Each structure stands twice: as structure tokens, then as C-alpha cells.
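Single-structure report; data block below.
The values are calculated or read from the model by the stated rules, or taken from the named source; none is laboratory data. The structure displayed is predicted, hence computed values, not measured ones. Cβ atoms come from the backbone with ideal geometry, glycine included; neighbour counts cover every protein chain shown. Just the protein is used for accessible areas: all its heavy atoms, side chains included, with ligands, DNA and RNA removed. Shrake-Rupley method; radii C 1.70, N 1.55, O 1.52, S 1.80 Å.
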Amino acid sequence: MDTKTFKRNLQQSDNYHRKGFGHQEEVTATLNQEYQSSLIQTIRQNHYQITKGNVTIRLAEAFGFCWGVERAVAMAYETRTHFPTEKIWITNEIIHNPSVNQRLKEMNIDFIPVNGNLKDFSVVNSNEVVILPAFGASVREMQLLNDKGCTIVDTTCPWVSKVWNSVEKHKKRSYTSIIHGKYKHEETVATSSFADTYLVILNMAEAEYVADYILNGGDRVEFLTKFKNAYSEGFNPDTDLERLGIANQTTMLKSETEAIGKLFEQTMIKKYPPTELNEHFMSFNTICDATQERQDAMLNLVQEKLDLIVVIGGFNSSNTTHLQEISVEYNIPSYHIDSAQRILLDNKIEHKPLETDLEIKENWLPQGKITVGITSGASTPDKVVEDVIEKIFASKSYHN
């Protein structure tokens, strides 16, 4: 389908909203009360550092709620204020933070049920309101809701929309979109729905495999098996890798996205005459500023003398996981938690190491004076960070 025309027509519909409803002042006051923290503000003003007893906390200089997340949450609150009695649905978690999503449920904003791997939109009636989350929604979902005559409130982050625009440019020139991301992630599902031909690549190792296939050929069946579920219907690596456009899930590691783009640029220069590069490769900067700022701040934080790092954010939050990857790369003991409740009695912490399930670490806070680095993903409210810091102070004073 002509996704660009569909989206333009949708945005002109009376049932479509992507700005607030005029309740900003009221909603801002509520959000400040529920999610802001005077302690965090104090730490920021004190050069991102606070000491209490034997514990010094060093905050990353960019962390927590980004503008796009704040906007999405505010729009969800405004939607409930504007439609006080209507049934309101949301197609996915508004953001990857358990406390925020729980708060929306308490406001009687329901999540579309999932049966197996499929969302059940049959529960939605034509007179109901549906919120699209910060990650966006697929073209199919938007079309389905539009056909039902629902009121659609679109909180998609503008940075995500920017990636969609890039994919539209790839499609216009018959380029295959190489999307650096996780093929199951809601944002990448939405982005790929705007493409004609696409391939989702998770990391540099997969990119190198594809680059080698472009230059040297290979086993087509092996290729399609390796990338199962991560490419467009009918994808053929022997013909669909001749013209490439680079796109990305906005929360991926900036350095890796850039390296993957550079790899494919060099690959096309080797495969075709350099003078024809523009006929085989195109790339736009679609790396989210907020994601980049938090990664840069984390890279600065790991240069300091730290005993350990706590990374706070939803376990399904891609940008939080990448912050954790940085601490692991620098060999600093690190603990990814989603809330203060993960800090347990008897100096234990329930945390999620990379690529594994939750586990409990005993004696996680060392004896004596310690310096703890703290950062949080773009979906984490300051209030959650405050709760974690207070819990660390309390645990350390109790256990020395």
C-alpha cells in the first residue's frame, strides 16, 4: 500500500490527534507530583554527586525521562482528562517502565490483550479511544483502528517518525531498508511496516555476515534461516542487497549504528565503482539525540573510579540495556534493576544480567566506603531513581 498517503490522510482525519487537548497545565502539575524528585534536583545542582555515610552516589549527567517519553506520558494523561468516561485503550506499553504503565492501568487505560503473539483488536469498539505509544504502531494497526472509526491519539516520538520518513525515501528509490534493531521490538515492527523490502540486523556480527554475502555470495537458504522473521515477505538476498538504505531503531547504540552504516558503505564501494555509490547506498542520521546523550554520559561515568554501577529501567527497555552494555564493556560490576523493590534485605539485589534471566546477588554492596554510579533509561522517572538511591543509603547504613 501507499503508506505515505495513508499516513497523510490519517493525520487529516477528525478522529486523529497528535497534539494535546489543552490540559497541559493541569497534567504537568500531576506529572511533577508523581514522577519528579527534589532529591534528584538537589544532586544535579551539586555536580551530580551526593554523599551519605559511607556511600557516594555519582549520577550520570544525562539520564532518565527524555522529551519524547515525557511527551507521550503527558499525552496519555491528557487523553484521560479530556475523555473522563470513555473507554481508552493503548496498543502497547506507553513506554518501557513498569511504574508508569501500572499508573495508566490505575487510570482505567487498558492494554490491547495479546493472544499468543497477536494483539486482539476485536475488543475495541468504534466509539472508543486508542492511544498509540511512544514507539509508534504498525501501518496495519493504524489502518485497522482507522477503519473501525476509533479516536486515535498518536504519541509516537518524532524521532521515530523521522526514521519512518527515511524508510519512505528508501522505498521511493527501490532501496532495501537495512534496519539496525531488534525485529520483535515494537518500534522496529512499526518501522518495517513502512518499508517495501527490509532486513533487520541486530548487531555488527550480523552486519558482517550480510556484507560478506554481498561481496562473496553464499548459501541463500542458510541466509534466510539465519534471519528468519527479520525480513520482508519474499526477500531474496541474491537480488535485494544491491541497493541499501540504512535505518535504525532509535534506542540502539549510536556507535554500533554508525559502524554498521560505515561497513555497508565500504561494502558497496568494494562491490561497485565508487562513482556509483549513490546508486547503491543511502544513509540519513536517525540516531535519537536523547539516546545519544545518555550513552555519552554513561561513557563519561565509567571513566570515574566506581565500585559498581546501578542501571535503572524496564527490563524490556532497549536503551537501558545498551547503558548496561557499556558498564559491562568497562568491566565495572553493574546491576540492571527496574525499581527500588529489587534491592532486598540482607544486602541482596535481584537484577538482570545481559542476555540472562533475573538472578539474586548476595553481598552486592561492598564493605567500607564505596562510590556507586547510577544512570537510568529514557523511560525512567526521577522518582524511581530517588527511591533506588534512598534504598542504597538505607541498605548500606544497615550493613555498613
Name the aspartates and glutamates eligible as straight-distance cross-link partners of Lys262: C-alpha to C-alpha under 15 Å, and not fewer than 8 places from it in the same chain. Glu206, Glu208, Asp212
Given 0.36 nm per residue, what is the gain on full extension from Asp120 to Gln292 after removing their alpha carbon distance, in nm? 58.4 nm
With a 30 Å threshold on alpha-carbon distance, the violating pairs from Lys52/Lys182; Lys352/Lys396; Lys182/Lys270; Lys19/Lys169; Lys226/Lys270 are Lys52/Lys182
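Just in segment 183-286: which trypsin sites (Lys or Arg not before Pro) are loop by DSSP and have at most 13 other Cβ atoms within 10 Å? Working shown, then result.
Numbers: sites: Lys184, Arg220, Lys226, Lys228, Arg243, Lys254, Lys262, Lys270, Lys271; in loops: Lys184, Lys228, Arg243.
Hits after loop and neighbour filter: Lys184, Lys228.
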Accessible-area composition of segment 19-102, carbon plus sulfur, in percent [1.4 Å probe]: 48 percent
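Relative contact order for segment 281-343: what is it in percent, counting Cα pairs under 8 Å that are at least 6 residues apart?
Numbers: 58 pairs, mean separation 21.3, N = 63.
Answer for segment 281-343 is 34 percent.
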Return, for the Cα atoms of the chain, the radius of gyration and Dmax in Å, separated by a comma. 22.6, 68
Leaving out ligands, DNA and RNA but keeping every protein chain, what accessible area does Val139 have, in Å² rounded to the nearest 10, with a 1.4 Å probe? 10 Å²
Cα-centred dipole magnitude for the chain, charges only on beta-carbon of K, R (+1) and D, E (-1), debye, nearest 20: 360 debye
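Please give the length that would be gained between Asp212 and Lys270 if that part of the chain were fully extended, namely 0.36 nm times their separation in residues minus their C-alpha to C-alpha distance (nm, one decimal).
Details: separation 58, 0.36 × 58 = 20.88 nm, distance 1.11 nm.
Fully extending the segment from Asp212 to Lys270 adds 19.8 nm.
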Accessible surface of Met204 in the full protein assembly, 1.4 angstrom probe, to the nearest 10 Å²? 50 Å²
DSSP-assigned coil residues among GluC sites (Glu not before Pro) in segment 318-397, each with at most 15 further Cβ atoms within 10 Å: Glu355
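Determine the shape class of segment 292-397: with a ≥ b ≥ c the square roots of the Cα gyration tensor eigenvalues, call it rounded for a/c under 1.5, and otherwise prolate if a/b is greater than b/c, oblate otherwise. Mind showing how you got there, number by number?
Working: a/c = 1.43, a/b = 1.25, b/c = 1.14.
Cα axes put segment 292-397 in the rounded bin.
List the relative contact order of segment 1-104 as a percent without decimals, with contacts defined as Cα pairs under 8 Å and 6+ residues apart.
Numbers: 46 pairs, mean separation 28.5, N = 104.
Reported as a whole number, the value is 27 percent.
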Pseudo-spin-label distance Gln367 to Glu279, built 7 Å along Cα→Cβ, given in nm, is 7.2 nm
Taking the highest mean first, how do the peptides 33-44, 335-346, 313-324 order by number of other beta carbon atoms within 10 angstrom per residue? 313-324, 335-346, 33-44
Take the alpha carbon atoms of segment 228-260, find their center, do the same for segment 156-210, and report the distance between the two centers in whole angstrom. 6 Å
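Given the convex hull over the Cα atoms of segment 1-156, what projected area results after averaging over all orientations, in nm²? Provide the component values of the computation, followed by the final result.
Details: hull surface 48.2 nm².
Approximately 12.0 nm², given one-decimal rounding.
Report the local net charge at Lys4: Lys and Arg +1, Asp and Glu -1, summed over other residues whose C-beta lies under 9 Å from its C-beta.
Values: positive: Lys7, Arg8, Lys171, Lys172; negative: Asp2, Glu168.
Its environment carries a net charge of +2.
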How large is the direction-averaged shadow of the alpha-carbon convex hull of segment 145-186, in nm²? 4.4 nm²
Identify, among Ser192, Ile179, Trp159, the residue whose Cα sits farthest towards the positive end of the charge dipole of segment 146-204, taking +1 on the Cβ of Lys and Arg and -1 on the Cβ of Asp and Glu, with the dipole about the Cα centre. Ile179
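Pull out a ≥ b ≥ c, the square roots of the eigenvalues of the alpha-carbon gyration tensor of segment 348-400, then state rounded if a/c is under 1.5, prolate if not and a/b is larger than b/c, and oblate in the remaining case. Intermediate values should be presented prior to the final figure.
Details: a/c = 2.08, a/b = 1.17, b/c = 1.77.
Here segment 348-400 falls in the oblate category.
With charges only on Cβ, +1 for K and R and -1 for D and E, what is the dipole size of segment 1-85 about its Cα centre, in debye, rounded to 20?
Approximately 300 debye in magnitude.
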